[in-house]
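Only one structure is covered here, and it is reproduced in the block below.
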Number of protein chains: 2
Amino acid sequence: MKNFNYIDLIGFLAAFLTTIAFLPQLYKTWQSKSADDVSLIMLILFILGLICWIIYGIEINSIPILLANIITFIFNFLILILKITYKKEK
Amino acid sequence: MKNFNYIDLIGFLAAFLTTIAFLPQLYKTWQSKSADDVSLIMLILFILGLICWIIYGIEINSIPILLANIITFIFNFLILILKITYKKEK
């Protein structure tokens, strides 16, 4: 742990913030039952990117990359499911 | 370049997809002049996270981390500006 410094801390904070950021979006979508303003193409491209990050994380054996991207994938996949569900209900 | 393999390619594809994903969101918001369904808290947390990634990229001298996160930052900052602007106009 002697090499754990403020740079690592910034990295962990970065990963934490860009992961947790999608939780309020998920909550908002679930509450408002609407995600019309959320781009479907964005969600699809982002989810495909996250799948690539997960494969990359497995290949280079990086637990932080894996963990952050699996959680972000789950949040965004749920947002996508909600968006499609609410669209159908209209 | 001899170590450049399919794992690196997956990494580049991952970075490309999770960066470019926000361009359709920016375009959609600009076209529809509405971002009510896009969570403000998500945008703020995500942008703060990207700033941390940029600082981290500078500190560890990683051009890919810097490049991907600066572009993603610009896209998300513009989405935030549009969201606030359209909210005020209503």
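The values are calculated or read from the model by the stated rules, or taken from the named source; none is laboratory data. In this text, all values refer to a predicted model and were calculated from it rather than measured experimentally. Virtual Cβ from ideal backbone geometry, glycine too; neighbours counted across all protein chains shown. We work out accessible area using only protein heavy atoms, side chains counted, and drop any ligands, DNA or RNA first. Shrake-Rupley method; radii C 1.70, N 1.55, O 1.52, S 1.80 Å.
Summary table
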read-out	value
Test: residue in segment B:18-32 that is buried (at least 21 other Cβ atoms within 10 Å of the Cβ), farther than 27 Å from A:Gln31 by Cβ and not hydroxyl-bearing (Ser, Thr, Tyr)	no
First in segment A:20-40 and more than 8 Å from chain B (Cβ to nearest Cβ) and in contact (Cβ under 8 Å) with a residue 40 or more places away in the chain, second anywhere and surrounded by fewer than 17 Cβ atoms within 10 Å (Cβ to Cβ) and of a type in the set (Gly, Ala, Ser), Cβ under 7 Å, 6 or more apart	none
Segment B:33-66: number of residues that are of a type in the set (Asp, Glu) and open to solvent by less than 40 Å² (accessible area, probe 1.4 Å)	1
Helices (runs of 4 or more DSSP H) wholly inside chain B containing at least 1 residues that are in contact with a Cys (Cβ under 7 Å, 6 or more places away or on another chain)	B:6-20
Residue in segment A:63-70 that is under 24 Å from B:Ser32 (Cα atoms) and at pLDDT 95 or above present	no
Selection within segment A:1-17 - within 12 Å of the chain's Cα centre (by Cα) and open to solvent by 50 Å² or more (accessible area, probe 1.4 Å)	A:Phe16
Filter result (in contact (Cβ under 8 Å) with a residue 24 or more places away in the chain and closer than 20 Å to A:Thr19 by Cβ) within segment B:70-90	B:Ile71, B:Thr72, B:Phe73, B:Phe75, B:Asn76, B:Phe77, B:Ile79, B:Leu80
So B:Asp8, is it over 21 Å from A:Ile44 (Cβ atoms) and without any contact (Cβ under 8 Å) to a residue 12 or more places away in the chain	yes
